[in-house]
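Report on the structure given below.
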Amino acid sequence: MIVKIPHTLAVFPISIVQKITELSARQIRYYEEQGLIAPGRNKGNQRIFSLQDIERLLEIKSLIDQGVNIAGIHAIYSKKKKDNNIEGK
DNA sequence: TTTCTCACA
DNA sequence: TGTGAGTA
């Protein structure tokens, strides 16, 4: 049987995200603090990331590598939202 | 053991 | 950003 898993389903702890994105837990938490990502929380107040969160983190990572700062990334994401609105209509 | 928050280098 | 302290 084939089961479709939504990328929005958050189930990964920060240790897994750390390995996949190659970012430090410090950076991941910092980017969340800056509003770049919005992972959920489990009962123990621990962050739970979805595939979408991980993909966003990978994109942020590449941007940081290119020398883009938090403000710059914010600008890029707000622009994307705009583009989506345009193409979405 | 692992993750969390907070504070300091 | 990294790291240590004290928790849950």
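When A:Gln52, A:Gln18 are screened for being within 12 Å of DNA strand C (Cβ to nearest atom), assigned to a helix (DSSP H, G or I) and surrounded by 13 or more Cβ atoms within 10 Å (Cβ to Cβ), only A:Gln18 passes. Here A:Lys61, A:Lys82, A:Lys43 are screened, and the one residue that is within 16 Å of DNA strand B (Cβ to nearest atom) and of a type in the set (D, E, K, R) is A:Lys43. Do we have any residue at all in region A:52-74 that's touching a His at 6+ places or on another chain (Cβ under 6 Å) and closer than 18 Å to A:Thr8 by Cα? Checked against the condition, which is being touching a His at 6+ places or on another chain (Cβ under 6 Å) and closer than 18 Å to A:Thr8 by Cα, region A:52-74 yields at least one hit.
Taken as a whole, the condition of being open to solvent by less than 90 Å² (accessible area, probe 1.4 Å), modelled with pLDDT under 95 and in a loop (DSSP other than H, G, I, E, B) does not apply to A:Ala71. Any residue at all in region A:21-37 that is more than 16 Å from DNA strand C (Cβ to nearest atom), at pLDDT 95 or above and open to solvent by 50 Å² or more (accessible area, probe 1.4 Å)? Within region A:21-37, not a single residue is more than 16 Å from DNA strand C (Cβ to nearest atom), at pLDDT 95 or above and open to solvent by 50 Å² or more (accessible area, probe 1.4 Å).
The values are calculated or read from the model by the stated rules, or taken from the named source; none is laboratory data. Keep in mind the model is a prediction, meaning the values are calculated, not measured. In this analysis, Cβ positions are derived from the backbone assuming ideal geometry, glycine residues included, and neighbour counts consider all displayed protein chains. Protein only, heavy atoms only, side chains kept; ligands, DNA and RNA dropped before computing areas. Shrake-Rupley method; radii C 1.70, N 1.55, O 1.52, S 1.80 Å.
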